[in-house]
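Report on the following structure.
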Amino acid sequence: MKRKLSIFLLAALLLFFAFPVPAAAAESDFSESATSQAFYSLVSYSRMCNGLSPFYVLDRGAGKKDGYPKTGSVDRVQDLIDGIVAFKKGNATVQGWINTGLSGDVAKGAEWYAITLSQSGNYDFSAYREALLSYLHEEPNEKSPTERYESLPVQTAQKFALALIAAGSHDDMIQTIADRPIEKATVIAQIYGLHLLNNGVTSAAYTAEEVKMRLLAMQRKDGGWALSGQNGDVDVTAMVLEALAPHYHEAKAKAAADRAVAFLSARQNADGSFSAWGAKVNCESTAQVITALSDWRIDCATDARFVKNGKTPLDALRQFRLPDGSFSHLVPTKTEESNETPAADSPGKREQPGKTGADDQKGGSAKTGSSEQQPSGETEETAEMPEESPSDLTEEKEETVVSETDLSEEETGKTEKEKKPIGYKPILAAVLFVLFGGAALLLTVFKKATRKNLLLIGGVFALSLIFVFATNFETVRSHNQVAPKTNVIGTVTLSIRCDTVAGKGDSDFIPKDGCILPETEFEIEPGDTVYDVLEEATKRFSLHMEKKGGDGMVYVAAIAHLYELQFGEMSGWVYHVNGESPFVGCDSYTLSDGDTVEWMYTLDLGADVGNTFMEEE
Amino acid sequence: MVLSAYNPVTTAVYFAGILLCSMFVQNPVISCLSFAGAVLFCSFFTTAREKARDTTFYLTLSVLITATNPLFSHNGVTTLFYFNGNPVTLEAYLYGAGISLMLVTVLIWCKGFSFVMTSDRSVYLFSKTAPALSLVLSAALRYIPALKRQGRKIHDAQKAMGIYASDSYSDRVKAALRVFSALVGWSLENAVETGKAMQARGYGSKKRTYYSVYGFHKKDGVFLAAFCLLSSWVLYGILTGQTAFSYYPALSFEPVSVRTAAVYAAFALAALLPAILEGRDRLLWRYYRSKI
């Protein structure tokens, strides 16, 4: 403690004299999902410019006009579209990319490229179609007793059905998928269901009217939509807008859309981008909004509601562009990148030797998190690399930080500390230091600096420092920020349910269907526990949660305002992994790829939700 | 004091009713009305200095409760910030404020109760049902001011002798300890003496008789009838959920209607009853004096 304290004091001192800005470690690598979403948002924008139907009305390159007005200018996005196509097709032709690349990547993210390509030109998708059909028809095995397309979650199946329509298939499978009921499914399934109906498919389970009514009823008070919780979510809101776009002439849909557009405008960031609540600015959210706005014939490059400080969502999207034409999930860290973005320059110009070198190096350092942690010989060079433009002064500061952090690293053995941006703690500590130092100084000046008084001041200073460093205050935004994952080893499914008390009590906060979070996939890193995934879920969907206890013995007291003991002595939250109840605390159970985690509210110490205890080893 | 002119039973019933209502009805409107009634009533009997002292004490108490409640209670939909990974919510702050208002209100009513219920009145009240208890109570209650007085005397005497006169903390603590030990000795001796004196006068040898000046007059009947009428209306409102109010997870309450307003009005009248009586009395007094 004492040692730590002295290090903190040192840090406080250092901060007080030189305010260094630590290099923020951000993931700026190529991202498949970011690239594909950017691609379809750009194509939907160009479809708006050409007066074509909304993006999800799949006309397969036929270019049906349907009387939509032409707005916007294709020039704003054409270079970006060309860049993505050039990046993806490599040396082949576009048709070649479809025949080999896309068909090989079936069910691995190729669907969005396929739908987008079908909406941007007239291509032959027969190879892709066959590949997708054979994937979906995969024979039953011990994992799934039926053919694959019947055992897939409804919204995943709907996505494939859409891809099939885009690829020009008339297979019966589309009808089978459309006939699956979606009444109790998530808002995403409603959206895809409406997309299917918008494409002329008829369903035995639902009509367009029903789905629209359900979607409109799901709209939150703030005008947005969300998977769960009271607040709207940017991505889900944009997706609902896309599904409602072909119904723009209906008064109810139009009114709901106007509120949603106002919601999106309010949630736009100062640089024109969008981010999910609490999450970092990301490419996917920005792209999703561009698609939604284009489908509603709102030119986001000129509409006053979406130009913030002269920055449009299209400008924001450019920030995520990498030199090779692809897109990254988060804004690349290099400063010169953002300096160039306003000018629409050709991809060729970007590939200068110096920069590609810097890129390689960045790729290498992203894994270790921060360049300051590399062996001492290279340290100073690499630390200076990301900061090229600022003056010599900042470089000097940078050096002092490096040497200081090296020192503390040796002493504490903790390395994650430097990754985080400066919190309030060192600043508060510095303020306290100045305050108490000033008091001591005043006492000396007025000749009252007796040993007793100085001891008192020192004691109070030490106590307040302990308080500052033992507690942790966070804003809602920073708390809900989910750190980007660098070493994903797989996905797990998480659901949170309270079926045992659904409909009980008169609280508005207990969902009628008992579903607090439907089955949702989360990526995990090595060592992630059940609690880590739950915490990430509560952050992503801004769910309420209360925990008790600290590291190694966390106890979840409440989720979504539903508390333990609220329904009797034996009530509370329990979790199952793959249907079994582990014998350890939720932050001691390490997850592996493919696990299914369920959190359930029990009224009887877990007996009523089917506890089956794992063998203790 | 007007209430002193009433039968002790009347005043006891009134205070019991209003205290129970303030303690168990979790509704900020009820708490505020009750608080206003208690403060107005007590303000007739306290000096400005006492008022200032009480205000600082009650303010500190309520600020402490309001500030600490959110650190232990994390329910509520409006998250302000996170403390050690748990949400700190607006609802928790409001709940803390509500609870502290309730506590302060009850404390002030108790203070008012102590003004009205002097020891002879409480002896009268309990002498029939529990004579031994009322005797013990009156003797014990008498000890608090007596000890205060005696402590002051001892302290002054020691100061005059020049013991522990310095300003330092350690000396002050030592002086306080010395006064305390002398006080304990004195009170023990005093208790033994009192006991012996009572025995010598034949206490406990026969059933006690008492003399009382408190009769049950017409005004007692009127007061009790009015209070019972108001309180039964309030009770009806409470039982039918008119005053229901909950802080967690989001503030929820019965929307204001004629019925809820009527319940609040009845409670306001009941809570302000002593203050109104006292105020009317004082105004009359001034008026009569002005005519002399």
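A:TYR589 meets all of the listed conditions (1) aromatic (Phe, Trp, Tyr); (2) over 24 Å from A:SER228 (Cα atoms); (3) out of contact with any helix residue (DSSP H, G or I) (no Cβ under 9 Å at 6 or more places or on another chain) but one, namely (3). Only one of the numbered conditions (1) aliphatic (A, V, I, L, M); (2) within 25 Å of B:ARG142 (Cβ to Cβ); (3) out of contact with any Phe, Trp or Tyr (no Cβ under 9 Å at 6 or more places or on another chain) is violated by B:ALA191, and that is (3). Residue count for segment A:111-136 satisfying the condition of being crowded, with 16+ Cβ neighbours inside 10 Å and touching a residue at least 24 places away in the same chain (Cβ under 8 Å): 18.
For segment A:26-34, the condition of being surrounded by fewer than 21 Cβ atoms within 10 Å (Cβ to Cβ), modelled with pLDDT under 65 and under 30 Å from A:LYS485 (Cβ atoms) holds for at least one residue.
Being charged (D, E, K, R) and touching a Gly at 6+ places or on another chain (Cβ under 9 Å) is the filter here, so list the residues in segment B:86-114 that pass it. Hit for segment B:86-114 is B:GLU91, nothing else. One residue stands out among those in segment B:78-91 that are facing chain A (nearest Cβ under 8 Å) and in contact with a strand residue (DSSP E or B) (Cβ under 7 Å, 6 or more places away or on another chain): the one that is farthest from B:ALA67 (Cα to Cα), which is B:GLY85. Filtered by the rule that a residue be hydrophobic (A, V, I, L, M, F, W, C), more than 16 Å from A:GLY585 (Cα to Cα) and within 11 Å of another protein chain (Cβ to nearest Cβ), segment A:549-572 gives A:ALA560, A:LEU562. For segment A:458-470, the condition of being of a type in the set (S, T, N, Q), within 14 Å of chain B (Cβ to nearest Cβ) and in a helix (DSSP H, G or I) holds for none of the residues. Every test in (1) crowded, with 22+ Cβ neighbours inside 10 Å; (2) β-branched (Val, Ile, Thr); (3) modelled with pLDDT under 85 is passed by A:THR146 save one, and that test is (1). Of all residues in segment A:31-58, those satisfying the criterion of being out of contact with any Gly (no Cβ under 8 Å at 6 or more places or on another chain) and part of a helix (DSSP H, G or I) are A:ALA34, A:THR35, A:GLN37, A:ALA38, A:PHE39, A:TYR40, A:SER41, A:LEU42, A:VAL43, A:SER44, A:SER46, A:ARG47.
When A:ALA185, A:ALA238, A:ALA226, A:ALA161 are checked against the criterion of being crowded, with 21+ Cβ neighbours inside 10 Å, of a type in the set (A, V, I, L, M) and in contact (Cβ under 8 Å) with a residue 60 or more places away in the chain, a single residue qualifies: A:ALA226.
Among strands (runs of 3 or more DSSP E) entirely within segment A:472-548, having at least 2 residues that are free of Cβ contacts under 8 Å to residues at least 60 places away in the same chain and away from chain B (no Cβ under 14 Å) singles out A:515-524.
Yes/no matrix, rows are residues, columns are (1) over 15 Å from A:SER542 (Cα atoms); (2) assigned to a loop (DSSP other than H, G, I, E, B):
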residue: A:TYR206; (1), (2): yes, yes
residue: A:MET213; (1), (2): yes, no
residue: A:ARG220; (1), (2): no, yes
residue: A:VAL240; (1), (2): yes, no
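The residues listed here are B:LEU107, B:LEU101, B:LEU133, B:LEU125; of these, the one that is within 19 Å of the chain's Cα centre (by Cα) and at pLDDT below 90 is B:LEU125. Residues considered: A:ASP222, A:ASP271, A:ASP233, A:ASP258. Of these, the only one that is within 14 Å of chain B (Cβ to nearest Cβ) and on the phi < 0 side of the Ramachandran plot is A:ASP222.
At least 2 residues being touching a helix residue (DSSP H, G or I) at 6+ places or on another chain (Cβ under 6 Å) and over 26 Å from A:ALA287 (Cβ atoms) is the threshold, and among the helices (runs of 4 or more DSSP H) wholly inside segment A:104-202 those reaching it are A:126-136, A:148-151, A:172-178. Among the residues of segment B:253-292, the ones that are among the polar types (S, T, N, Q) and exposed (fewer than 14 other Cβ atoms within 10 Å of the Cβ) come to 2 in all. Taking the criterion of being of a type in the set (A, V, I, L, M) and within 14 Å of chain A (Cβ to nearest Cβ), the residues of segment B:213-255 that qualify are B:ALA244, B:ALA250, B:LEU251. Applying the set (1) in contact with a strand residue (DSSP E or B) (Cβ under 8 Å, 6 or more places away or on another chain); (2) more than 10 Å from chain A (Cβ to nearest Cβ) to B:LEU125 leaves exactly one unmet item: (1). Scanning segment B:44-77 for residues that are surrounded by 13 or more Cβ atoms within 10 Å (Cβ to Cβ), away from chain A (no Cβ under 14 Å) and not in a helix (DSSP H, G or I) yields B:PHE44, B:PHE45, B:THR46. When B:TYR248, B:TYR203 are checked against the criterion of being touching a Gly at 6+ places or on another chain (Cβ under 8 Å), surrounded by 12 or more Cβ atoms within 10 Å (Cβ to Cβ) and not in a helix (DSSP H, G or I), B:TYR248 stands alone in meeting it.
The values are calculated or read from the model by the stated rules, or taken from the named source; none is laboratory data. These numbers come from a predicted model, not from an experiment. For neighbour counting, all protein chains shown are included, and Cβ atoms are generated from backbone atoms with ideal geometry for every residue, glycine included.
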